[in-house]
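Below is one structure, written out as structure tokens, with a few remarks after it.
The values are calculated or read from the model by the stated rules, or taken from the named source; none is laboratory data. Remember, predicted model here, so these are calculated numbers, not experimental data. With ideal geometry, Cβ positions are generated from the backbone for all residues, glycine too; neighbour counts draw on all protein chains shown. To get the accessible areas, we keep the full protein, side chains included, count just its heavy atoms, and leave off ligands, DNA and RNA. Shrake-Rupley method; radii C 1.70, N 1.55, O 1.52, S 1.80 Å.
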Amino acid sequence: QVRLAESGGGVVQAGGSLRLSCAASGRTFSWDPMGWFRQAPGKESEFVAAISWSGNSAAYEDSEKGRFTISRDNAKNAVYLQKNNLKPEDTAVYYCAQRSGARVTTTSNDYRYWGQGTQVTVSS
């Protein structure tokens with residue numbers, strides 16, 4: 001059984017930083033691209049970032065390039081999202097997702113396994 005557990009969310013002031021972590025278990029983690037998505041209150045889920053199985057390539061939502069960095073440690077079965085210069089509009093529940101396919105994609109339907117999410121609140 002695949003399990004993804006996010007951590008690292010919390011309340012931070014605008015301009016601050018957070019590092020989200022996602023611990024994976026139950027499937028060979030190093031085979032799969034991983035992604036981060038978020039959902040703000042009253043809004044649809046949106047893509048944040050994704051990383052290839054090797055960590056050599058990544059994709060970001062355009063508005064977040066330069067502020068967010070996705071990384072992974074296959075030895076620890078973990079993926080991370082470093083978020084800098086946070087803005088109130090970054091407030092959302094952030095979800096870690098794992099796909100059983102080769103390519104990095106930005107579409108949530110391509111990801112088969114999901115965590116429960118971690119809340120990030122950015123105060124102004």
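Brief remarks on what is shown
- Cα gyration tensor category, rounded, prolate or oblate, for the chain with a/c compared to 1.5: prolate
- Förster-model FRET efficiency, 30 Å R0, residue 114 and residue 31, C-beta, rounded to 0.05: 0.95
- Coil-residue trypsin sites (Lys or Arg not before Pro) of the range 31-124, DSSP, other Cβ within 10 Å capped at 16: 43, 67, 76, 103, 112
- Between the listed residues 24, 56, 37, the Cα displaced farthest toward the positive end of the dipole of the range 1-59, a dipole computed from Cβ unit charges relative to the Cα centre, is found at 24.
- Inter-part distance, the range 65-117 to the range 19-51, computed on C-alpha centroids, equals 3 Å.
- Cβ charges +1 (Lys, Arg) and -1 (Asp, Glu), total dipole of the chain, debye: 300 debye
- Amide H contacts of residue 72 (H built 1.01 Å from N, under 5 Å, at least 5 apart or other chain): 80
- 3J(HN,Hα) from dihedral phi, the range 52-59, Karplus parametrisation 6.51/-1.76/1.60, rounded to Hz, x for glycine, proline: 6, 4, 8, x, 7, 9, 9, 10
- Backbone HN-Hα couplings from phi across the range 100-117 [Karplus 6.51/-1.76/1.60, Hz, Gly and Pro as x]: 9, x, 8, 8, 6, 10, 10, 9, 4, 5, 7, 9, 8, 10, 9, x, 7, x
- Taking other residues whose beta carbon is less than 13 angstrom from the beta carbon of residue 43, and scoring Lys, Arg as +1 and Asp, Glu as -1, yields -3.
- Among the chymotrypsin sites (Phe, Trp or Tyr not before Pro) in the range 86-124, none is located in a DSSP loop while being surrounded by at most 11 other Cβ atoms within 10 Å of its own Cβ.
- Loop-located GluC sites (Glu not before Pro) in the range 20-124, at most 10 other Cβ atoms within 10 Å (DSSP): 44
- When all protein chains stay in place and ligands, DNA and RNA are ignored, the 1.4 Å accessible-area order of 28, 105, largest first, is 28, 105.
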